[in-house]
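K.L.:
Structure incoming, see below.
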Amino acid sequence: MRKFFKKYLPSHESIRQNRFINFFGTLLYHHNLWHLHRRSVAGGVAAGLFAGLIPGSNPVQFFFAALFSVIFKVNLPIAAFVTLYSNPFTIVPLYLAAYTLGGWVTGGVKNSSLPPLELGLLDKNLSEWVPVLTDYLVTFGKPLMAGLFLLASLLSITGYFTVRILWRYYVVHAWHKRAKRHHSDK
């Protein structure tokens with residue numbers, strides 16, 4: 001697994017030279033930020049899954065993935081890479097799921113669809129758009145924000161334990177394979 005990750009992940013130096021991550025300075029020298037072991041990679045996956053649902057584009061999500069990596073001392077390149085699960089193809093289903101989850105938890109949403117936006121505004125000027133758009137965002141803002149936090153937390157926890165279990169399974173399988181090979185050589 002380490003060979004796979006080392007082949008596709010950016011180097012320590014290329015991450016250090018990134019202008020968005022360079023903000024952290026000497027904090028990037030901690031060894032867990034770069035080592036590929038079970039706890040560090042699982043933590044990096046969790047940090048990346050959480051940061052991937054933070055509203056904003058990739059630089060914002062990369063920044064928060066790096067911040068969480070530094071705070072929790074987990075693998076930084078893995079965390080930054082995992083944020084890419086949130087992309088133009090997946091963002092709408094993720095936000096709908098977050099909105100539904102947030103509505104369920106807050107009790108503020110009776111159905112799982114977003115409130116309809118008035119399409120009659122297409123021929124109106126900007127001054128008429130702003131209040132309607134503001135009301136629209138306020139209508140689903142609380143369930144969406146609560147849902148994003150809950151979904152990000154659920155994904156992080158699930159990702160963390162999934163990586164830990166799969167890594168452990170892989171190591172045990174490799175041990176058994178090595179033991180079989182060792183016994184057959186005798």
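Values in this text are rule-based calculations from the coordinates and carry no lab data. Predicted, not measured: the structure shown is a model, and the values here were computed from it. Cβ: placed from backbone, ideal geometry, glycine included. Neighbour counts: every protein chain shown.
K.L.:
Between M145 and F23, take the C-beta separation as r, use R0 = 25 Å, and let me know the FRET efficiency to the nearest 0.05.
P.N.:
0.45
K.L.:
Let me ask something additional. By average Cβ neighbour count within 10 Å, what is the ranking of 142-151, 31-40, 169-178, 45-54 from highest down?
P.N.:
On the way: 142-151: 19.5, 31-40: 16.2, 169-178: 10.5, 45-54: 25.9.
Going from most to least packed, we get 45-54, 142-151, 31-40, 169-178.
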